[in-house]
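Structure record follows, encoded as structure tokens.
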């Protein structure tokens, strides 16, 4: 069974998730954007064995503490898709843009592509490439629990911004409707900011990608 706990980090209240397999206590950190001390406190409290860091995309509020966290636990950095390399290579410029302290640079151990799988203990996550918010954004989907970690692709009642470099609104809408909706209406998603929702709820009511708006229902 895969368990998870969300820890909002940074002034952007980015939802960093700790995922772990309750059979093995092996765990992964999804999008360690900052506030590493909060992550360490929870990990120690639960006596988890961190084995990897998973990144949905390269924006600073999602990756700011990646280098320090990976070094602290001696673990690989997995993701996002290589199309986000330019975001990760420009962390200093991002920090200046958003008023963050400049983070330590890193290069992912492994880039991901659509259809890849990553494991957390005995549990498997499917990788879904969902460009639009950023070109290399990926989603992590756990079929057994019908949960998805969607980063900034979609939110409760909204979708990700597309006014950053290489963002594309139509591409984002297509990613959501063609890649995420087919996973099932009952899938609960944990997004990068704000409360959880389900794909079914968003198809019924989201003013930007709901079925009545897109005509895809």
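The values are calculated or read from the model by the stated rules, or taken from the named source; none is laboratory data. As the structure is a prediction and not an experimental result, all values here were calculated from the model. Please note: Cβ atoms are built from the backbone with ideal geometry, for glycine as well, and neighbour counts cover all protein chains shown.
Figures for the structure shown
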item	result
Residues within the range 9-34 that are out of contact with any strand residue (DSSP E or B) (no Cβ under 6 Å at 6 or more places or on another chain) and in a strand (DSSP E or B), tallied	1
Those residues of the range 169-187 which are in contact with a helix residue (DSSP H, G or I) (Cβ under 9 Å, 6 or more places away or on another chain) and surrounded by 15 or more Cβ atoms within 10 Å (Cβ to Cβ), in sequence order	173, 176, 177, 180, 181, 183, 187
Residues located in the range 132-146, provided they are buried (at least 21 other Cβ atoms within 10 Å of the Cβ), more than 11 Å from the chain's Cα centre (by Cα) and within 28 Å of residue 23 (Cβ to Cβ)	none
Checking residue 192 against (1) in contact with a helix residue (DSSP H, G or I) (Cβ under 8 Å, 6 or more places away or on another chain); (2) modelled with pLDDT under 95, the condition it does not meet	(2)
Helices (runs of 4 or more DSSP H) fully within the range 35-131 counting 1 or more residues that are in contact with a strand residue (DSSP E or B) (Cβ under 7 Å, 6 or more places away or on another chain) and surrounded by fewer than 21 Cβ atoms within 10 Å (Cβ to Cβ)	36-46, 66-73
Answer residue from the range 166-189, given it is in a loop (DSSP other than H, G, I, E, B) and touching a residue at least 40 places away in the same chain (Cβ under 8 Å) and is farthest from residue 127 (Cα to Cα) among those	166
Breaking point among (1) within 24 Å of residue 9 (Cβ to Cβ); (2) in contact (Cβ under 8 Å) with a residue 40 or more places away in the chain; (3) touching a helix residue (DSSP H, G or I) at 6+ places or on another chain (Cβ under 8 Å), for residue 104	(2)
